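The values are calculated or read from the model by the stated rules, or taken from the named source; none is laboratory data. From a predicted model like this one, the values you see are computed outputs, not experimental measurements. In this analysis, Cβ positions are derived from the backbone assuming ideal geometry, glycine residues included, and neighbour counts consider all displayed protein chains.
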Amino acid sequence: MVGKKSTLGGMYDHFLHIAPRYRELRTTDLGPVLFITHKLQNLPNIRAADIGCGAGRYSLKLVQHLGEKCHLFCLDNNREMLRHLNQHFIKNNIVNFTPIRSDSHKIPLQTDSLDCVMSFNAVHHFSLQNFLKESSRVLKNNGKLFIYTRLRDQNAKTIWGTHFPSFDKKETRLYELDELKSAFEKDPNLNINSVQFFEHHRVYPLEKLVEQAKNHHYSTFKFYKKHEFREALHRFVQNILNHYDDLDKISWKDQNTLLVIENKQ
């Protein structure tokens with residue numbers, strides 16, 4: 001129990017530290033946003049929640065695409081992430097949102113009050129069964145839950161899983177698809193409507209990749225000890241040098257999964 005609390009505290013401090021630069025260090029995928037927007041387009045008004053919203057990378061794009069008919073509740077347990085989200089929304093003249101500091105397993109919104117709940121690249125930080133239970137509670141009948149994530153096998157195929165030593169082994173929090181499906185089978189109200197797979201072509205210079213790693217743009221890097229990380233980063237650079245000729249155009253394909261779930265009460 002002590003170890004778990006220590007890990008959670010370390011993750012909180014990590015996101016507290018990285019909040020000012022999080023949006024520029026991470027890549028935001030437009031594909032799932034467009035997919036969700038299309039799924040919700042026939043609703044005249046939308047009350048939605050983005051759980052584990054961070055600094056609002058996906059939250060902002062969702063509100064921009066859904067327009068004024070949507071009011072988005074942006075939930076995260078990290079105060080600095082929410083502060084930067086708030087500033088970012090105001091800078092972009094977005095007012096139809098409410099930032100809320102909250103854990104994923106205790107959503108402070110009314111029962112049967114939301115048309116949809118969303119989570120982007122965050123579900124592996126949650127207590128999954130408690131998150132699903134709370135999502136089911138706050139969703140209206142026929143409301144939708146969208147979970148965008150990277151599966152364990154997809155993580156192993158990224159530039160980091162392929163070339164950064166032990167990256168895929170350090171990251172034990174991610175799920176496989178059958179594990180997620182099993183979790184939904186335990187909740188009688190939540191039924192998987194569809195599973196969508198996205199493939200994203202990335203092209204980055206080596207300099208940018210090193211910058212991302214040094215700034216721990218993935219929380220996975222927090223599982224390395226300092227000397228271990230330095231050695232792994234050195235070997236990562238060597239691996240890139242051995243596999244790519246143009247160091248200004250390191251290319252690979254990232255894969256992600258979007259689960260579309262319906263709430264049937």
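Kindly indicate which of Leu132, Leu174 is more than 15 Å from Leu72 (Cα to Cα) and in a loop (DSSP other than H, G, I, E, B).
Leu174
Here's the yes/no breakdown for (1) under 20 Å from Leu174 (Cβ atoms); (2) outside any helix (DSSP H, G or I):
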{"site": "Glu207", "(1), (2)": "no, no"}
{"site": "His227", "(1), (2)": "no, no"}
{"site": "Arg230", "(1), (2)": "no, no"}
{"site": "Gln238", "(1), (2)": "no, no"}
{"site": "Leu241", "(1), (2)": "no, no"}
{"site": "Asp246", "(1), (2)": "no, yes"}
{"site": "Asp254", "(1), (2)": "yes, yes"}
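As an exercise: evaluate Lys253 against (1) closer than 27 Å to Glu179 by Cβ; (2) of a type in the set (D, E, K, R); (3) touching a helix residue (DSSP H, G or I) at 6+ places or on another chain (Cβ under 9 Å) and give the number of the one condition it does not meet.
Evaluating Lys253 over (1) closer than 27 Å to Glu179 by Cβ; (2) of a type in the set (D, E, K, R); (3) touching a helix residue (DSSP H, G or I) at 6+ places or on another chain (Cβ under 9 Å) leaves (3) as the failure.
Could you run through the range 32-59 and say how many residues are under 14 Å from the mean Cα position of the chain (by Cα) and farther than 12 Å from Ser119 by Cβ?
4
Out of the range 11-55, which residues are at pLDDT 55 or above, closer than 22 Å to Ile100 by Cα and hydroxyl-bearing (Ser, Thr, Tyr)?
Passing the criteria: only Thr28.
Here is a check on your reading of the model: is Lys157 within 20 Å of Asn239 (Cα to Cα), of a type in the set (D, E, K, R) and assigned to a loop (DSSP other than H, G, I, E, B)?
In short, yes.
Counting only residues that are free of Cβ contacts under 8 Å to residues at least 60 places away in the same chain and surrounded by 20 or more Cβ atoms within 10 Å (Cβ to Cβ), which one in the range 103-120 is farthest from the chain's Cα centre (by Cα)?
Going through the qualifying residues, I end up with Ile107.
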